[in-house]
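A.B. asks: The structure follows.
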Amino acid sequence: MKIVNKVRQMQVLSDKFKKEGKKIAFVPTMGYFHKGHLSLMERGRELADILVISIFVNPIQFGPGEDFMEYPRDLERDLSLAEGVGVDVVFIPEAEEMYPPDYQTYLEVTGLTQHLCGLSRPGHFRGVTTVVAKLFNIVKPDIALFGLKDYQQYIVIKRMVRDLNYDIEVVGCPIIREEDGLAMSSRNTYLTPEQRKSALCLYQGIKLAERLVREGQRDAKIIIKEVIDYIESKPYTQIDYVKICHPETLDDLEYLNDKALLALAVRVGKARLIDNTILEVR
Ligand code: PAF
């Protein structure tokens, strides 16, 4: 497994792979790997000849007062896990390599970012799309893989790829959960044992909504209220949003008549957790 720190070195390496006719799969990450990250890498391994990952805690996608400084990091462990799933190249740039002091260019997807996490984390998606666009230009992948836990990120990036004509296939991979249902996230490490119990309310809220839909409920307001009441009954929780929206436009839906995205963001202690599912009306 090769470790690359410099942008130019990564670009030259990717050009070499391309000249050899090799297909590159790319998994961008902020490190501190869990099974969710590893599942993206495993899928990438299956889909291409070369598997490149990046580890970079991107400062510009964190707002003031957010957890950039505390974001968990363990490079040694990450490298050994990456090696275990057969990663070929790990790109680990320094912040100054990605954003030199005179850096001035940012990229923004407009409409889709005016919903869900875009409202409570202003500037977050601008930071994500800017870094992902840069990483695409550096790694030059044929395929890029993203976890569906960050559903909005996935569709924002798909839109960026479509609007800017990147010749890259964006693949969304299923949410990986702990045995009891909690979606895996690097931020779960912030939870105390008591908060960890409460954190299950996101998954339980999803199960509750699915049951209501199965029983025939189609009114989004009623489903949302039930989920909110359930989450609020758990200690340490503070809801950021519970929304039912169109899975592609992210516009709020009043009634369910086909597929709808149920998306939740809840603070549990100091961890801001997100989860989602597609509710299907049969
Ligand atoms: O999902 C993440 O870990 C990050 O938002 C990403 C895509 C690596 C960009 O920094």
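A.B. asks: Is it true that some residue in segment 19-35 is in a helix (DSSP H, G or I), without any contact (Cβ under 8 Å) to a residue 60 or more places away in the chain and either among the small types (Gly, Ala, Ser) or away from the ligand (no atom under 13 Å from the Cβ) (or both)?
C.D. replies: Step one: list which residues in segment 19-35 are in a helix (DSSP H, G or I), which gives 19, 35.
From what is left, the residues that are without any contact (Cβ under 8 Å) to a residue 60 or more places away in the chain are 19.
Still in the running and either among the small types (Gly, Ala, Ser) or away from the ligand (no atom under 13 Å from the Cβ) (or both): 19.
Among the residues of segment 19-35, at least one is in a helix (DSSP H, G or I), without any contact (Cβ under 8 Å) to a residue 60 or more places away in the chain and either among the small types (Gly, Ala, Ser) or away from the ligand (no atom under 13 Å from the Cβ) (or both), which makes the answer yes.
A.B. asks: Any idea which of Asp163, Asp88 is more than 13 Å from the ligand (Cβ to nearest atom), open to solvent by 40 Å² or more (accessible area, probe 1.4 Å) and within 19 Å of Gly36 (Cα to Cα)? Explain how you work it out, then say what you get.
C.D. replies: Working: Asp163 fails: within 19 Å of Gly36 (Cα to Cα).
Of Asp163, Asp88, the one residue that is more than 13 Å from the ligand (Cβ to nearest atom), open to solvent by 40 Å² or more (accessible area, probe 1.4 Å) and within 19 Å of Gly36 (Cα to Cα) is Asp88.
A.B. asks: With the requirement that a residue be part of a helix (DSSP H, G or I), out of contact with any helix residue (DSSP H, G or I) (no Cβ under 9 Å at 6 or more places or on another chain) and within 16 Å of the ligand (Cβ to nearest atom), what does segment 91-129 give you?
C.D. replies: Of everything in segment 91-129, just one residue is part of a helix (DSSP H, G or I), out of contact with any helix residue (DSSP H, G or I) (no Cβ under 9 Å at 6 or more places or on another chain) and within 16 Å of the ligand (Cβ to nearest atom), namely Ser120.
A.B. asks: Say whether the condition of being within 16 Å of the ligand (Cβ to nearest atom), assigned to a helix (DSSP H, G or I) and over 15 Å from the mean Cα position of the chain (by Cα) is met by at least one residue in segment 148-157. Before the answer, list the steps.
C.D. replies: Of all residues in segment 148-157, those within 16 Å of the ligand (Cβ to nearest atom) come to 148-157.
Filter once more, keeping what is assigned to a helix (DSSP H, G or I): 148-157.
Retained after the next criterion (residues that are over 15 Å from the mean Cα position of the chain (by Cα)): none.
Scanning segment 148-157, I find no residue that is within 16 Å of the ligand (Cβ to nearest atom), assigned to a helix (DSSP H, G or I) and over 15 Å from the mean Cα position of the chain (by Cα), so the answer is no.
A.B. asks: If you don't mind, there's one more thing I want to ask. Only residues that are within 11 Å of Leu145 (Cα to Cα) and assigned to a helix (DSSP H, G or I): list them for segment 39-59, please. Break it down stepwise before answering.
C.D. replies: Residues of segment 39-59 that are within 11 Å of Leu145 (Cα to Cα), as a first pass: 39-45, 47, 51-53.
Within segment 39-59, Ser39, Leu40, Met41, Glu42, Arg43, Gly44, Arg45, Leu47 qualify.
A.B. asks: Looking for whichever is surrounded by fewer than 18 Cβ atoms within 10 Å (Cβ to Cβ) and at pLDDT 95 or above here; the options are Gly181, Gly205. Which one fits?
C.D. replies: On the way: Gly205 fails: surrounded by fewer than 18 Cβ atoms within 10 Å (Cβ to Cβ).
Going through Gly181, Gly205 in turn, just one is surrounded by fewer than 18 Cβ atoms within 10 Å (Cβ to Cβ) and at pLDDT 95 or above: Gly181.
A.B. asks: Now for a different question. If I go through segment 109-160 residue by residue, how many of them are open to solvent by 30 Å² or more (accessible area, probe 1.4 Å) and more than 24 Å from Leu262 (Cα to Cα)?
C.D. replies: 4
The values are calculated or read from the model by the stated rules, or taken from the named source; none is laboratory data. Keep in mind it's a predicted model, so treat the numbers as computed, not measured. So basically every Cβ, Gly included, is an ideal-geometry build from the backbone, and we count neighbours across all protein chains shown. Accessible surface is based on the protein model in full, side chains and every heavy atom, while ligands, DNA and RNA are left aside. Shrake-Rupley method; radii C 1.70, N 1.55, O 1.52, S 1.80 Å.
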